[in-house]
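Visitor: Below you will find the structure I want to go over with you.
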Amino acid sequence: MLRVLAVDDEEPALAELLYLLRADPRVRAAEGATDATEALRRITRAVEAGPESDEAIDVLFLDIQMAGLTGLDVARLLAGFARPPLIVFVTAHEGFAVHAFDLKAVDYVLKPVRRERLAEAVRRVAEQAEALGYRRAAPPATTPDTIPVELGGVTRLVAVQDIAYAEAQGDYARLHTQDASHLVRIPLTTLEERWQQHGFVRIHRRHLVALHRIDELRLDGGSMSVRVGDAELAVSRRHASRLRELLLRRSAS
């Protein structure tokens with residue numbers, strides 16, 4: 001089981017990467033850092049605490065182009081450590097691959113990150129970590145499904161059950177809870193697929209709603225909408241009959 005530190009100065013990209021990493025059963029824990037200085041501070045603390053500590057880091061998933069120190073700078077600094085973390089570079093640029101592998105990176109993943117490609121990188125890291133004798137701790141107890149969001153440079157886990165609805169904003173989605181909203185770099189179609197098991201239903205090309213959060217279904221002439229808390233959301237004709245069927249089933253159960 002791998003203990004991961006992901007480093008990216010673009011918070012939505014970091015949140016998406018952490019979401020995918022935490023969904024991989026080979027990853028014991030995944031934390032985030034938004035700049036190289038913070039990452040180096042946490043790595044130094046982990047090294048001082050020792051490989052058996054809860055702060056230990058087995059692998060870095062590291063962006064290359066960041067403000068201040070780059071990911072390549074970080075890798076060069078870590079080369080002087082007696083037992084540095086393994087490194088996977090995650091970047092939007094192909095041109096650094098030669099430098100990355102010169103620094104003994106395990107893998108080089110291009111953005112936008114695909115789930116299958118990231119899983120392959122985790123597989124390679126897990127094999128090399130095992131060969132190097134990295135500690136393989138038992139997985140933690142299961143917890144409710146969460147999604148990582150960034151608040152002022154701090155990664156916070158929001159329980160999926162606390163999300164009332166999600167709103168498409170290009171390649172991003174804005175997640176609405178009772179008290180706040182959070183922007184994540186995950187398309188609404190991806191969330192729709194992942195959250196079906198949690199009772200989320202697509203009602204419009206722009207909106208994905210938790211069925212149990214719908215307070216009212218409104219009909220006005222030929223249009224339909226739902227009230228979710230203080231928000232009134234339109235229901236497209238394409239999704240209207242499916243939504244009505246699901247609400248009827250819910251009320252009958």
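Visitor: Rounded to the nearest 500 deg cm²/dmol, what is the calculated helix-only ellipticity per residue at 222 nm for the chain, with -39500 (n - 2.57) per DSSP H run of length n ≥ 4?
Guide: Working: 7 runs with 80 residues, N = 253.
Rounded to the nearest 500, the figure is -9500 deg cm²/dmol.
Visitor: Find out how many positive minus negative residues lie around residue 198, taking Lys and Arg as positive, Asp and Glu as negative, among other residues whose Cβ is under 12 Å from that of residue 198.
Guide: Details: positive: 194, 213; negative: 145, 162, 192, 193.
Local charge sum for residue 198: -2.
Visitor: Share of antiparallel DSSP beta bridges in the chain, in percent to the nearest 5?
Guide: Details: 33 of 51 bridges.
Bridges in the chain are about 65 percent antiparallel.
Visitor: Dipole of the chain, Cα-centred, from +1 at each Lys and Arg C-beta and -1 at each Asp and Glu C-beta, to the nearest 20 debye? Kindly include the intermediate steps, with their values, before the conclusion.
Guide: Numbers: 34 positive and 37 negative charges, 189 e Å.
Computed charge dipole of the chain: roughly 900 debye.
Visitor: Here's a follow-up. Assigning unit charges at the beta carbon (Lys, Arg +1; Asp, Glu -1) and nothing else, what dipole magnitude in debye, to the nearest 20, does region 8-156 show about its Cα centre? Walk me through the numbers before you get to the answer.
Guide: On the way: 18 positive and 25 negative charges, 87 e Å.
Dipole size: approximately 420 debye.
Visitor: Specify which residue in the list 187, 80, 30 is farthest towards the positive end of the charge dipole of the chain, using unit charges on the beta carbon of Lys, Arg (+1) and Asp, Glu (-1), about the Cα centre.
Guide: Final value for the positive-end residue is 187.
Visitor: While we're on this one: What is region 15-59 by shape, rounded, prolate or oblate, if you read a ≥ b ≥ c off the alpha carbon gyration tensor as root eigenvalues and call it rounded for a/c under 1.5, prolate for a/b larger than b/c, and oblate otherwise?
Guide: Details: a/c = 3.61, a/b = 1.30, b/c = 2.77.
It is oblate, given that a/c is not under 1.5 and a/b is not larger than b/c.
Visitor: Calculated from the structure, mean projected area of the Cα convex hull in nm² equals which of [x] 15.4; [y] 11.7; [z] 12.6?
Guide: It is the value labelled [x].
Visitor: Report the rotationally averaged projected area of region 157-253 based on its alpha-carbon convex hull, in square nanometres.
Guide: Hull-based average projected area comes out at 6.3 nm².
Visitor: In addition: Between 221, 21, 64, whose Cα lies farthest towards the positive end of the dipole of the chain when Lys and Arg beta carbons carry +1 and Asp and Glu beta carbons carry -1, centred on the Cα centre?
Guide: Of the options given, the answer is 221.
Visitor: In addition: Can you tell me how much longer the chain between residue 242 and residue 104 gets when fully stretched, taken as 0.36 nm per residue apart minus their C-alpha distance, in nm with one decimal?
Guide: Value of the extension gain: 44.5 nm.
Visitor: Here is a follow-up. Can you send over the carbon and sulfur percentage of the accessible area for the chain, probe radius 1.4 Å, protein chains only? Mind dumping the intermediate values first?
Guide: Values: 6440 of 13270 Å².
After summing per-atom areas, the C and S share lands at 49 percent.
Visitor: Okay, next question. Determine the per residue accessible area of the chain with all protein chains present and a 1.4 angstrom probe, expressed in square angstrom. Write down the numbers at each step before the final one.
Guide: Numbers: 13270 Å² over 253 residues.
Averaged over the residues of the chain, the accessible area is 52 Å².
Visitor: Could I ask something else about it? Taking the Cα centre of each part, how many Å lie between region 2-22 and region 174-253?
Guide: Comparing the Cα centres of region 2-22 and region 174-253, I get a distance of 28 Å.
The values are calculated or read from the model by the stated rules, or taken from the named source; none is laboratory data. All values reported here derive from a predicted model rather than from experimental measurement. Note that each Cβ is placed from the backbone with ideal geometry, even for glycine, and that neighbours are counted across all protein chains shown. The protein model used for the area step is the full one, side chains on, heavy atoms only, and it has no ligands, DNA or RNA in it. Shrake-Rupley method; radii C 1.70, N 1.55, O 1.52, S 1.80 Å.
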